[in-house]
Structure formats: C-alpha cells, structure tokens
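Heads up, the thing below is written out as structure tokens.
Bear in mind that the values in this text are calculations on the coordinates, not laboratory data. Small disclaimer: the values here were computed from a predicted structure and weren't measured. Positions of Cβ are generated from backbone atoms using ideal geometry, with glycine treated the same way; all protein chains shown enter the neighbour counts.
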Amino acid sequence: MRDRVDDGYLDGSYRWWHLSLPSPELTDAIASGWFPNVGRVLDVGCGAGSELSVLDGLGVAATGIDLSLAGLRMAREQGATAVAAADAARLPFADGVFDAALDRGCFHYLAERDRLRYARELRRVLCPGAPFLLRACTRSEGHPNGVDEPAIAEAFAGWTADRVADEEIASDTRSMPALVCYLRAPR
C-alpha cells in the first residue's frame, strides 16, 4: 500500500469532511449508553483519528483502519497508537474480537457491489449483538450517491436497526446530509 495521488489527506481536500472535534453523533451515542465506553472498538475509515482521540480518552481499546497512509500518519500525530492500513472489506482481525465499531466516512464511498462484503466483514469481527454506529453521507459532490435507507437495509440485512435518522453531520467547514444509524450485529 502506498500514498495515492488522489488521497484527500495529501492534497488537503480532507478538510471538507474532517471534523477535528468529537462528533456529536459519537458523543450522543456514548452519553445515551447505546455505544460502549469500555471494551475493544474498531473505527472503520479512521482518517486523521478524531474519533480515536475521543475513545482513547475514555480508556477504550480503540483500533483505527484506513486506506490512507497520510491519514494514518495524522492519526498517529494526534496520539493514536493502534492504527493500521487496511481495506474495510478485508479486515485483518480475528472473528468476534470487537465489542463495537463505528464508521464516519467509509461506507458512502463504497461501490454498491462492495457494501455486502463490507457488512459481512464487520459482522465477522464484531461480537454477536455488538453496536455499530454508521454515519453515511447521502450525497457526494452535491449529487445523490445511492446511500439511502433501503441501501442500508440491504447491506445490513439480518442486523438490528435501533435507530436510522436523516441528519446533517458537521465537518470543520460545512455540514453534510447523512443517515445516522444505530445498528447491532446479528446474534
């Protein structure tokens, strides 16, 4: 794996989606008791590590993965220690090792044909019934990207949806329409 020319962490375009503060979606999920503040948590598409910082601060054993080596370097500079270059559709972890997972920016970049494999891999590495916080943008570059409630339901068939809501999620520079989903891995 190598740094790519189109890597948003190299060309600075990550500023469009990056949120340097703890995301309200994660802090709300933790405050409500739905998302655990203990155990092992996987951050899929961790980028520069903002969510990892929140989880590390709680004492959670958080691991972040991303395809961007530049993003992972930024996460390490922010203090994240458990990060790895990995494809979300081919996770390099044993079965059932994570108590929870989150994704703030990976699923909505996947091609439709890759979404089922993504969900199967998450199911494999999560403990049965583990919570998964998914924030998936519904538009890319101002256009619908095929991420909607039916697409989520199809990809995560067999999972329990505790909550699916249309929200505007913040970045440092703007807000983006997204589905915020509280999902649970099948038992």
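Numbers at a glance
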{"read-out": "Residue ranges of helices (runs of 4 or more DSSP H) in the stretch 1-108 with at least 2 members touching a residue at least 60 places away in the same chain (Cβ under 8 Å), out of contact with any strand residue (DSSP E or B) (no Cβ under 6 Å at 6 or more places or on another chain) and crowded, with 20+ Cβ neighbours inside 10 Å", "value": "69-77"}
{"read-out": "Filter result (more than 24 Å from Ala48 (Cβ to Cβ) and either touching a Ser or Thr at 6+ places or on another chain (Cβ under 9 Å) or surrounded by fewer than 21 Cβ atoms within 10 Å (Cβ to Cβ) (or both)) within the stretch 116-127", "value": "Leu116, Arg117, Arg120, Arg123, Arg124, Cys127"}
{"read-out": "Index of the failed condition, Asp166 passing every other in (1) in contact (Cβ under 8 Å) with a residue 40 or more places away in the chain; (2) closer than 16 Å to Phe107 by Cα", "value": "(1)"}
{"read-out": "Arg76 charged (D, E, K, R), at negative phi and in contact with an Asp or Glu (Cβ under 9 Å, 6 or more places away or on another chain)", "value": "no"}
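Quick grid of which residues meet (1) touching a helix residue (DSSP H, G or I) at 6+ places or on another chain (Cβ under 6 Å); (2) among the charged types (D, E, K, R):
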site: Gly8; (1), (2): yes, no
site: Gly12; (1), (2): no, no
site: Asp28; (1), (2): no, yes
site: Ala82; (1), (2): no, no
